[in-house]
1. Considering the stretch 173-198 alone, what residues qualify as being touching a residue at least 40 places away in the same chain (Cβ under 8 Å), part of a helix (DSSP H, G or I) and among the hydrophobic types (A, V, I, L, M, F, W, C)?
2. Any residue in the stretch 390-411 that is over 20 Å from Leu316 (Cβ atoms), free of Cβ contacts under 8 Å to residues at least 60 places away in the same chain and either surrounded by 15 or more Cβ atoms within 10 Å (Cβ to Cβ) or among the aliphatic types (A, V, I, L, M) (or both)?
3. Just the residues that are part of a helix (DSSP H, G or I) and either among the hydrophobic types (A, V, I, L, M, F, W, C) or surrounded by fewer than 19 Cβ atoms within 10 Å (Cβ to Cβ) (or both), please, taken from the stretch 300-324.
4. State whether the residues of the stretch 292-299 include one that is in contact with a strand residue (DSSP E or B) (Cβ under 8 Å, 6 or more places away or on another chain), open to solvent by less than 40 Å² (accessible area, probe 1.4 Å), part of a loop (DSSP other than H, G, I, E, B) and among the small types (Gly, Ala, Ser).
5. Here is a check on your reading of the model: is Asp464 open to solvent by 10 Å² or more (accessible area, probe 1.4 Å), in contact with a strand residue (DSSP E or B) (Cβ under 9 Å, 6 or more places away or on another chain) and not aliphatic (A, V, I, L, M)?
6. Among the residues of the stretch 179-186, is there at least one that is in contact with a Pro (Cβ under 8 Å, 6 or more places away or on another chain), surrounded by 14 or more Cβ atoms within 10 Å (Cβ to Cβ) and of a type in the set (S, T, N, Q)?
7. Suppose we keep only residues that are at pLDDT below 95 and part of a helix (DSSP H, G or I) within the stretch 11-49. Which one would you say is most open to solvent (accessible area, probe 1.4 Å)?
Amino acid sequence: MGDIEAAALRDTRVQSLSSVSIAMTFDYRNPNTLWASVAVATLAKLGLKTAVVCPGSRSTPLTYALAMHPDIDAVPVLDERSAAFFALGCVKQQGQPVVLVCTSGTAGANFYPAVIEAYESQVPLLVFTADRPPELRDCGAGQAIDQQKLYGDFVVAYEELAVPVATESMLAYLRQRLVWAWRQMTAESGRGPIHFNCPFRDPLPPIPAAQPVSVQLDEADFLAGVQVAPARQPIMVSVPEVKAWEGCQRGLIIAGPAQPRRPADYVKAVATLSQHLGWPVLAEGLSPLRNYQNQFPSLVSTYDAVLRHPELAVTLQPEMVLQLGPLPISKVLRQWLGQFAHQRWVVSITGRDLDPTHGSVRSLQTSVMALAQAISHRAVQPPTPYVQMWQQAEQQVCAQRDHTFSQMEEPFEGKVAGLLAPWLPQETPVFIANSMPVRDVEYFWPPNDRHHQIYFSRGVNGIDGTLSTALGMVHDGRQGVLLTGDLALLHDTNGFLSAQHLRGHLTIVLLNNQGGGIFENLPIAQFEPPFEKFFAAPQKINFQRLCRVYDVEYTLINRWAELKRLVGKLPQYGIRLLEVRTDRRADAQRRRQVLQSWADSIHLST
């Protein structure tokens, strides 16, 4: 379709919409166009705002319907793997489902890593894989594979839709399946991806069928009943469960990674738990809590360093632990939890097993907000000696951290993570890549009150799709930051292909240590060969030249003041890359030395 024809069709639709409150987008040219337009109109009525579409022939009906709908932002992405992670980033930012579309054959297989991440992270992604009709399968037809249950158990649900038929009853069936899928994906206890396999017969483009479509629908009436079911109320915690914590003087709240849609509400709920129980909160760097410091007098961010002090590790052992979501990344914390006998309750809306230590754990299938409501009737508790010990340790390590960084002139990955929080503009969305960046954020990201919104992909903790997910995070027009290592960025350079469609801005802070820095912390690093070649995976990419290929702004950071200036004010549009070159072996050693020296400096008053 040419630009003039597309513009004319849009103008026609705008005129037809003047007297109704919903987009009239049913296309009666052939059964496929009607089927796809009904599907897209239904999704738009449910609240779909964004669709990520990969080019291909068999998916033409869906692509056309999505591209032409006036209320849906259809984003074309060439590479399917990149597209799926871009969609993942859009979902993380929007907090509602995003549609992902591809053609038949191996295209859908390239969605697999992102689908797995979506499942493990409970991200509502609606995947449509186009397919040949049944009569063109297993007969040598091109671009046809077995797409049945392509993603196995890594979806909330799978279904193959019927081959499009232009009858009112079959279109009602299609509408009903999509409404069901939307409700299933967005239920608090069952969020995750859903896969629809979609067979299409010819004709695929929007051309009139040999036999005209006879059905005519009252479109407003047909979509009148399409609405999202009200959100289910979280399961409330019983009073006996809450009473079990009353009077405990050595209770501890551990807040793991969390990216709630409304971080301020989540923070308020955790603050309520802390204040009414009188328990300190150990807050992971990927939790919003560290960015709302003023609500937490008993917030502890330096627990990894504190627990490296052997005597303190014994002194600070708790009697009860309330774990909110997954455990923090810290291996030191996880080992410490496994050393002592205590009762632990794990709060998770999904009811999944979130205890890799296999300790004495009871599951509470509820939300943090519901739990806070259940305990809000209690009086605010004064700080106990146990809380005061944690507070003293936190204050001393934070002071050591500030002193260490103020004296450090040489590049250090940990200092980058430690200084982004105070340097970035308030409320900046920040995507943290896996491997060492998430660990440096846990070790060094300081408590602040700048309300940054932290995003991450910790479902399976891989480096897949890092750049694409971060681009999806800012596609709504915001200005954000990606903190990443070199291998994670190189693993997804096809993400740069999406730059031309980006509505916001992404600043990439690249920690280039020329390889896999995380492996320097593992025992295999002592074995050379084969460590350097097979584990560290050294690379010598010239990132300035790479940026030139994709027309990305590039700056090599040589001074801390230069980094501070550039991240202090983010551009409105486009992508830029700020490269900080570091030494992975030296940084691995410095990281261990710094954390241990901070632990050794703690002296609690008695």
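The values are calculated or read from the model by the stated rules, or taken from the named source; none is laboratory data. Since we're looking at a predicted model, the values are computed, not measured. All Cβ positions, even for glycine, are placed from backbone atoms using ideal geometry, and neighbour counts span all protein chains on display. Calculation scope for accessible area: heavy atoms of the full protein, side chains included, ligands and nucleic acids excluded. Shrake-Rupley method; radii C 1.70, N 1.55, O 1.52, S 1.80 Å.
1. Here is the first cut: in the stretch 173-198, the residues touching a residue at least 40 places away in the same chain (Cβ under 8 Å) are 174-175, 178-179, 181-183, 185-198.
When the remaining residues are screened for being part of a helix (DSSP H, G or I), the result is 174-175, 178-179, 181-183, 185-186.
Once the filter is applied, which keeps residues that are touching a residue at least 40 places away in the same chain (Cβ under 8 Å), part of a helix (DSSP H, G or I) and among the hydrophobic types (A, V, I, L, M, F, W, C), the stretch 173-198 yields Leu174, Leu178, Val179, Ala181, Trp182, Met185.
2. Here is the first cut: in the stretch 390-411, the residues over 20 Å from Leu316 (Cβ atoms) are 402-411.
With free of Cβ contacts under 8 Å to residues at least 60 places away in the same chain added as a condition, the list becomes 402-403, 405-408, 410.
Checking which are either surrounded by 15 or more Cβ atoms within 10 Å (Cβ to Cβ) or among the aliphatic types (A, V, I, L, M) (or both) leaves us with 405, 408.
Yes, the stretch 390-411 contains a residue that is over 20 Å from Leu316 (Cβ atoms), free of Cβ contacts under 8 Å to residues at least 60 places away in the same chain and either surrounded by 15 or more Cβ atoms within 10 Å (Cβ to Cβ) or among the aliphatic types (A, V, I, L, M) (or both).
3. So in the stretch 300-324, the residues part of a helix (DSSP H, G or I) come out as 303-306, 310-315.
Hits for the stretch 300-324 are Ala305, Val306, Pro310, Glu311, Leu312, Ala313, Val314, Thr315.
4. First, pick out the residues of the stretch 292-299 that are in contact with a strand residue (DSSP E or B) (Cβ under 8 Å, 6 or more places away or on another chain): 293, 296, 298-299.
Filter again for open to solvent by less than 40 Å² (accessible area, probe 1.4 Å), leaving 296, 298-299.
Going one step further and asking which of them are part of a loop (DSSP other than H, G, I, E, B), we end up with 296, 298.
In the following step, the residues that additionally are among the small types (Gly, Ala, Ser) were identified as 298.
Yes, the stretch 292-299 contains a residue that is in contact with a strand residue (DSSP E or B) (Cβ under 8 Å, 6 or more places away or on another chain), open to solvent by less than 40 Å² (accessible area, probe 1.4 Å), part of a loop (DSSP other than H, G, I, E, B) and among the small types (Gly, Ala, Ser).
5. Working: open to solvent by 10 Å² or more (accessible area, probe 1.4 Å): yes; in contact with a strand residue (DSSP E or B) (Cβ under 9 Å, 6 or more places away or on another chain): no; not aliphatic (A, V, I, L, M): yes.
Here the answer is no, as Asp464 does not meet what is asked.
6. Our first condition is that a residue be in contact with a Pro (Cβ under 8 Å, 6 or more places away or on another chain); within the stretch 179-186, this holds for 182, 185-186.
Okay, now just the ones that are also surrounded by 14 or more Cβ atoms within 10 Å (Cβ to Cβ), so 182, 185-186.
Keeping just the survivors that are of a type in the set (S, T, N, Q) gives 186.
Scanning the stretch 179-186 turns up at least one residue that is in contact with a Pro (Cβ under 8 Å, 6 or more places away or on another chain), surrounded by 14 or more Cβ atoms within 10 Å (Cβ to Cβ) and of a type in the set (S, T, N, Q).
7. Gln15
Here's the yes/no breakdown for (1) at pLDDT 95 or above; (2) within 26 Å of the chain's Cα centre (by Cα); (3) hydrophobic (A, V, I, L, M, F, W, C); (4) assigned to a loop (DSSP other than H, G, I, E, B):
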| residue | (1), (2), (3), (4) |
| --- | --- |
| Ala51 | yes, yes, yes, no |
| Pro61 | yes, no, no, no |
| Arg81 | yes, yes, no, no |
| Gln96 | no, yes, no, yes |
| Ala107 | yes, yes, yes, no |
| Glu135 | no, no, no, no |
| Gly142 | no, no, no, yes |
| Ile145 | no, no, yes, yes |
| Gly152 | yes, yes, no, yes |
